[in-house]
Amino acid sequence: MTLDPTNIKAVLFDFDDTLAETLPGRQSAVQYAFVAAGVDSPTADEFLKTVNGRTFNQGFMDISNSYGRDLDLLNLYRERYWTAEADNSPLFEGVREAVLSIHSHGFKLALVTSKIRSFNFKGRALGAQYQMEISGINHLFDILVGGEDVKLHKPDPESIKLAVRKLGITADEALMIGDSTADIGAANAAGCWSCHAVWAGTPPGPPLEGIRPDFVAEKPSQVLQILGIVD
């Protein structure tokens with residue numbers, strides 16, 4: 001199959017460090033969990049680089065296994081992140097304007113994240129949908145695919161394939177934008193276009209052999225250029 005970027009009908013975004021700056025809050029919450037559980041290694045920074053798009057649950061389970069006991073890291077992390085950090089996740093400069101422009105030009109929009117879409121925590125509805133709502137752009141998105149919607153997470157293409165089906169398009173009509181090699185790997189495996197968003201300025205994590213994005217965007221406005229949008 002030969003991809004033709006002029007056929008793109010939908011744009012799929014990752015959330016963390018693509019739409020919103022969540023890394024500082026996640027670092028703080030991971031550090032809190034590690035201190036509370038007595039984890040000396042890895043550090044929070046090392047953990048986040050190693051996770052690189054995988055679910056935190058997978059990474060926390062690996063650490064618990066290395067310590068030979070259940071450290072309850074996921075619950076410790078969630079308690080800290082969702083009560084003290086999640087509300088402070090601003091959109092990156094230029095993201096709101098880019099999303100508004102993409103929407104106004106008739107492209108479909110989807111959020112595709114490994115983060116839980118929605119869950120109840122101490123009587124509050126939290127998750128990716130909550131963060132999208134407080135960001136003020138949730139109403140512009142046609143669908144949201146979260147971690148609980150699939151069995152396999154990025155870099156497996158299941159979440160992207162689900163989004164494509166829900167949008168009623170084919171894979172070659174979608175552009176996936178994300179900051180991690182897991183995002184790019186999932187997009188390539190799904191057969192859609194991929195764009196590495198580097199505007200967060202965070203390292204993309206360890207490279208995956210053979211994984212290359214179709215595009216690289218240093219700022220959100222460059223996504224508009226990829227789509228042929230001229231405002």
Strands (runs of 3 or more DSSP E) wholly inside the stretch 140-204 that include at least 1 residues being hydroxyl-bearing (Ser, Thr, Tyr): 193-197
Odd one out for residue 81 among (1) over 27 Å from residue 221 (Cβ atoms); (2) in a loop (DSSP other than H, G, I, E, B): (2)
Verdict on residue 163 being over 21 Å from residue 117 (Cα atoms), aliphatic (A, V, I, L, M), in the same structural domain as residue 112 (by TED's automatic domain parsing) and under 14 Å from the mean Cα position of the chain (by Cα): no
Enumeration of residues in the stretch 84-108 that are in contact with a Lys or Arg (Cβ under 7 Å, 6 or more places away or on another chain) and either surrounded by fewer than 18 Cβ atoms within 10 Å (Cβ to Cβ) or assigned to a loop (DSSP other than H, G, I, E, B) (or both): 94, 107
Filter result (more than 25 Å from residue 56 (Cα to Cα), small (Gly, Ala, Ser) and either buried (at least 20 other Cβ atoms within 10 Å of the Cβ) or modelled with pLDDT under 95 (or both)) within the stretch 173-194: 174
Checklist (1) of a type in the set (D, E, K, R); (2) in contact (Cβ under 8 Å) with a residue 40 or more places away in the chain; (3) in contact with a Ser or Thr (Cβ under 8 Å, 6 or more places away or on another chain) applied to residue 108, failing item: (3)
Residue within the stretch 118-138 that is under 18 Å from residue 223 (Cα atoms) and either small (Gly, Ala, Ser) or surrounded by fewer than 23 Cβ atoms within 10 Å (Cβ to Cβ) (or both) present: yes
Every residue from the stretch 154-172 that is surrounded by fewer than 20 Cβ atoms within 10 Å (Cβ to Cβ) and in contact (Cβ under 8 Å) with a residue 60 or more places away in the chain: 167, 169, 172
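The values are calculated or read from the model by the stated rules, or taken from the named source; none is laboratory data. This one's a predicted model, so the numbers in the text were calculated from it and none came from an experiment. Heads up, the Cβs are rebuilt from the backbone with ideal geometry, glycines too, and the neighbour counts pull from every protein chain shown.
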